[in-house]
1. Please name which of PHE36, VAL84, HIS175 has its Cα lying farthest along the dipole of the chain towards the positive end, using unit charges on Cβ (Lys, Arg +1; Asp, Glu -1) and the Cα centre as origin.
2. Quick one: which residues, 5+ away or cross-chain, put their amide H under 5 Å from the amide H of ALA34? H built at 1.01 Å from N.
3. Over what distance in Å are the Cα centres of the stretch 34-53 and the stretch 157-187 separated?
4. Give a residue-ordered list of calculated ³J(HN,Hα) values for the stretch 108-118 (Karplus: 6.51 cos²θ - 1.76 cosθ + 1.60, θ = phi - 60°; whole Hz; x for Gly, Pro).
5. Residues in the stretch 55-70 near a label at ALA107, defined as backbone nitrogen under 16 Å from the 7 Å Cα→Cβ point?
6. Determine the distance separating the Cα centre of the stretch 84-152 from the Cα centre of the stretch 7-30; give it in Å without decimals.
7. So if we plug the beta-carbon distance of VAL84 and GLU123 into 1/(1 + (r/R0)^6) with R0 = 35 Å, what FRET efficiency do we get, rounded to 0.05?
8. So what are the radius of gyration and Dmax for the Cα set of the stretch 73-121, in Å?
Amino acid sequence: MLVSARSFAEYRAMFALDDRDLAQRVLDCPGGAASFVAEAGRRGLDAVAVDRQYAEHREELGLLVERETSFKREVLVKETAGYVWSWYADVDDLVRQWTANARAFRADIAARPHRYVAGSLPELPFADDSFDLVLSSHLLFSYGGRLGEEFHRAALAELARVARREVRIFPLVAHDTGARYAGLDRLREELAALGVPSRTERVAYEFRPGENEMLVLSTEDYRTPVRAAPGAAGAVDPVRWRHREAGA
């Protein structure tokens, strides 16, 4: 599996983000080596990334992605034949953009480490409603053949737990088959029964053919079942939020 390093602009397109969306507290889950949080920070926006790789590989992750992308150029040429080349000019342009994004990630995680939190689905180290908007790309549904439906069920509930307003997930198809995730409708019905209505929405982004829809979960009326606080007893959230500081 090749780890990508997508940009702020790609996130805007993948998740149909407008300025009002970006004025909220945003979580990128999993963040990987994307430059979304780095570029958001330069714009004065409140964004945080969470990823399991930040526990052990936070210092070298960006460099590893940069080297892997360059090393696998010929693999990319074969794997992306027939893709939609509207975002990148060609494979060399893709390598150039991902390299630049990985470098921006490397610089930002060194300068603002508190914005990159170690953690992974289906249990995130955040309190309920810690974020207004949660974004999740290229994990859920993308690896439907590897991650079972129970994992998806738990992960979706967890994303809804930490999102005060909305969760957006992209794409809805498996990366290896191009088919829409088979259990999607069933999972949406189960979420609706929990008080989390959802909708699918076409977006202005497509690289792999057919990857042009996102799932939107509306979480404003969702009440998370009582559960123990994440982490050890008395643990403090790993990120200090502006709204909490303002109320102090």
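The values are calculated or read from the model by the stated rules, or taken from the named source; none is laboratory data. If you're wondering where the values come from, they're calculated on a predicted model, not measured in any experiment. Neighbour counts run over all protein chains shown; Cβ positions are idealised from the backbone, glycine included. For the accessible areas, the whole protein counts, side chains as well, though only heavy atoms, and no ligand, DNA or RNA atoms are used. Shrake-Rupley method; radii C 1.70, N 1.55, O 1.52, S 1.80 Å.
1. PHE36
2. ARG6
3. 21
4. Couplings: 6, 5, 6, 7, 10, x, 5, 8, 10, 9, 6 Hz.
5. Correct set: 62-63, 66.
6. Taking the Cα centre of the stretch 7-30 as reference, the centre of the stretch 84-152 is 11 Å away.
7. In this case the efficiency is close to 0.50.
8. Over the stretch 73-121's Cα set, Rg and Dmax evaluate to 14.8, 40 Å.
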